[in-house]
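No value in this document is a laboratory result; all are computed from the given coordinates. Just so you know, these numbers come straight off a predicted model, no measurement behind them. Cβ sites come from the backbone with ideal geometry, for glycine too, and all protein chains shown count toward neighbours.
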Amino acid sequence: AAFVEHYNHRRYHESLDNLAPADVYFGRGATILLERERIKRDTIKQRRLNHHAKAA
């Protein structure tokens, strides 16, 4: 039972865009992917600002 819980709710699956099967099944996948994309954009922006500040 513990394996099934882990496999369906905690383990990310590459074929599901690195989402857990439960997230896809319950319709949370799109929201999670949008949040990941926002975090990625913010991180890139912050790294560029840090790089430019150090270069100046």
Restricting attention to the stretch 31-39, does a residue exist that is under 14 Å from the mean Cα position of the chain (by Cα), exposed (fewer than 13 other Cβ atoms within 10 Å of the Cβ), assigned to a helix (DSSP H, G or I) and of a type in the set (Val, Ile, Thr)? yes
Just give me the residues in the stretch 14-56 being among the basic types (Lys, Arg) and touching a Leu at 6+ places or on another chain (Cβ under 9 Å), in sequence order. ARG28
In the stretch 1-25, the residues that are of a type in the set (Ser, Thr, Tyr) and part of a helix (DSSP H, G or I): TYR7, SER15, TYR25
